[in-house]
Amino acid sequence: MTRRKRKYAVPGVEQEMQTFKANVMQREGYAVDPSRPDDVKYEVAKELGVPLQPGENGGLTTESVGHVGGKIGGSMVREMIRLAQEQLAGRERR
């Protein structure tokens with residue numbers, strides 16, 4: 001199975017998004033190697049009881065894998081919303 005290639009709406013933000021993911025997941029209490037932020041999915045999976053392993057995971061359900069991705073993505077979205085609210089609040093004070 002080949003890995004899905006993400007397409008970001010803004011060209012050239014791939015590295016910044018990986019850094020953002022690492023920072024968010026570190027604040028969530030996970031040990032994240034900043035040079036390999038995608039590997040945090042294994043720690044999240046372990047916490048959730050999902051037997052995710054490097055390589056083929058064809059035996060996993062979409063639901064169980066979705067729990068892992070949802071925990072990571074949900075944390076990132078909450079942080080993006082927090083940052084946007086901070087930015088908007090700063091504009092209102094001016």
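The values are calculated or read from the model by the stated rules, or taken from the named source; none is laboratory data. Just so it is clear, the structure is predicted and the values come from calculations on it, not from any experiment. Virtual Cβ from ideal backbone geometry, glycine too; neighbours counted across all protein chains shown.
Does V77 count as surrounded by 10 or more Cβ atoms within 10 Å (Cβ to Cβ) and touching a helix residue (DSSP H, G or I) at 6+ places or on another chain (Cβ under 7 Å)? Don't jump to the end; show me each part of the working.
Numbers: surrounded by 10 or more Cβ atoms within 10 Å (Cβ to Cβ): yes; touching a helix residue (DSSP H, G or I) at 6+ places or on another chain (Cβ under 7 Å): no.
Judged against the criteria, V77 is not a match.
Does E63 meet the test of being charged (D, E, K, R) and assigned to a loop (DSSP other than H, G, I, E, B)? So that I can check it myself, show each step before the final result.
Working: charged (D, E, K, R): yes; assigned to a loop (DSSP other than H, G, I, E, B): no.
Against the criterion (charged (D, E, K, R) and assigned to a loop (DSSP other than H, G, I, E, B)), E63 does not qualify.
Within the stretch 27-76, the set of residues being charged (D, E, K, R) and over 20 Å from Q15 (Cβ atoms) comprises E28, E43, K46, E47, E56, E63, K71.
Hey, any hits in the stretch 35-52 for a residue that's within 17 Å of the chain's Cα centre (by Cα) and hydroxyl-bearing (S, T, Y)? Steps first, answer last, please.
First, pick out the residues of the stretch 35-52 that are within 17 Å of the chain's Cα centre (by Cα): 35-48, 50, 52.
Keeping just the survivors that are hydroxyl-bearing (S, T, Y) gives 35, 42.
Checking the stretch 35-52: at least one residue is within 17 Å of the chain's Cα centre (by Cα) and hydroxyl-bearing (S, T, Y).
Pairs linking a residue in the stretch 1-26 that is under 14 Å from K41 (Cα atoms) to a residue that is of a type in the set (V, I, T) and at pLDDT 85 or above, with Cβ atoms under 6 Å and 6 or more positions apart or on different chains, are A22/V32; M25/V32; M25/V40; Q26/V32.
This table checks each residue for (1) crowded, with 16+ Cβ neighbours inside 10 Å; (2) of a type in the set (S, T, N, Q); (3) within 15 Å of G73 (Cβ to Cβ); (4) touching a Leu at 6+ places or on another chain (Cβ under 7 Å).
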position	(1), (2), (3), (4)
P11	no, no, no, no
Q15	no, yes, no, no
T19	no, yes, no, no
Y30	yes, no, yes, no
P37	yes, no, yes, no
K41	yes, no, yes, yes
K46	no, no, no, no
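Taking into account only those residues within the stretch 22-60 that are of a type in the set (D, E) and in a loop (DSSP other than H, G, I, E, B), which is nearest to M80 (Cα to Cα)?
If we filter the stretch 22-60 for residues that are of a type in the set (D, E), which is where we start, we get 28, 33, 38-39, 43, 47, 56.
Checking which are in a loop (DSSP other than H, G, I, E, B) leaves us with 28, 33, 56.
Values: E28: 14, D33: 21, E56: 31 Å.
Per the criteria, the residue is E28.
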